[in-house]
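To start, the structure itself, in structure tokens.
A short reminder: the numbers here are calculations on the coordinates, not readings from a lab. Just so it is clear, the model here is predicted, and its values are computed rather than measured. Here the Cβ positions follow ideal geometry from the backbone for every residue, glycine too, while neighbour counts run over all protein chains shown.
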Amino acid sequence: MKLTPVKRSENVAPEEFLQDFMKPCKPIILKDFVDPKSPAFEKWNYDYFKQIAGEKKVNVYGSEIESIDRVASKPIGETTFSDYLDLISSKATEHRLFLFNLLSIKPEMKNDIQYKDVTKGKILKWLPFMFFGGKGSITRNHIDIDMSHVFITQFQGIKRIWLFPWEQSDLMYKLPYNFHSLINLQEADYEKFPALKYLNGYEAVINPGETLYIPSGWWHYIQYETEGYSVSIRALPSSWLEKWRGFKNLVVIRHFDNAMRKIFKEKWFNYKVKIANKRAQKALKRQKNFQI
């Protein structure tokens with residue numbers, strides 16, 4: 001597996017971003033996608049969050065390895081937002097908050113973020129999401145079901161994200177009818193999963209104030225180097241093919257997979273594992289033939 005550092009840049013003109021990054025689907029770290037003078041950088045902290053929403057109940061998520069056969073993992077428990085913030089502040093933990101939309105609970109907070117929109121109006125500023133995690137927590141390797149372009153801005157802490165293009169899905173041992181892969185990249189077993197040797201991706205380490213652009217359909221594996229939180233916003237898929245894939249995933253694929261899992265249970269999962277391995281073997285053979 002080869003990882004190339006993602007390029008960092010600032011003062012990127014919209015024309016340059018659209019032509020050199022969004023159109024060819026190439027990741028980049030933007031240092032000024034969110035205006036450094038945005039009130040969020042001064043107002044937001046854990047004490048402020050506790051004050052405005054500390055009593056809110058939140059679903060807590062843990063390791064996703066045990067739910068490898070599901071589109072989305074189930075929460076492992078519930079607590080108050082205040083207690084969760086105390087937890088991640090006090091020790092390393094794999095506990096995360098998934099799509100906890102504090103910005104919907106307190107919509108006035110959206111005004112605390114000012115964007116430098118390099119997409120010429122494509123980003124959905126009205127639909128932000130917040131992600132919180134403890135030091136050492138991870139989000140399994142996946143593609144976003146709606147195939148949107150994603151802009152993830154770090155506000156506290158440090159995240160390490162590995163990125164791989166859609167075209168490498170078979171090398172990734174992608175489970176059919178799912179949107180994640182069979183393996184944990186951090187503990188990659190190259191003997192059991194030899195196709196992983198041929199992965200060619202990117203590594204992004206994003207610090208507070210920086211924004212990672214994740215192109216439509218790209219795989220991303222997220223690791224919390226420290227506790228912290230980020231805000232992501234999306235832009236709709238660019239091409240009709242990406243839009244069709246997103247629509248099909250949302251309306252057809254996930255419901256079909258849920259139904260088959262209920263009917264056939266473990267047999268359905270075993271079938272998907274067999275197909276993932278078969279496709280990976282074919283992709284591996286193509287890679288070897290290409291190098292001859």
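A few notes on this one:
- Over the range 175-235, volume per residue of the alpha carbon convex hull, in Å³: 128
- Residues listed by number, the range 167-194, amide nitrogen under 16 Å from Tyr271 label point at 7 Å toward C-beta: 175-178
- Based on alpha-carbon atoms, the Kirkwood radius and the radius of gyration of the range 177-292 give Rg/Rh equal to 1.00.
- Semi-axis lengths, Å, the chain, gyration tensor of Cα atoms, sqrt of 5 times eigenvalues: 31, 24, 18
- Share antiparallel - DSSP beta bridges, the chain, percent rounded to 5: 90
- Working from label points 7 Å from Cα in the Cα-to-Cβ sense, the Lys26 to Lys285 distance is 3.4 nm.
- Long-range amide H partners of Ser38 with built H, under 5 Å: Gln114
- Between Ile28 and Tyr213, the built amide H atoms are under 5 Å apart, and every one of these is 5 or more places off in sequence or on another chain.
- Furthest towards positive pole of dipole, Gly133, Asn207, Pro5, structure part the chain, Cβ charges: Pro5
- Inter-site label distance for Leu127 and Arg8 at 7 Å from Cα along Cβ, in nm: 3.1
- The range 239-248 - phi-based ³J(HN,Hα) in whole Hz, Karplus 6.51/-1.76/1.60, Gly and Pro as x: 8, 5, 5, 5, 5, 5, 4, x, 4, 4
- Average Cα contact separation per residue, the chain, under 8 Å, 6 or more apart, as relative contact order %: 25
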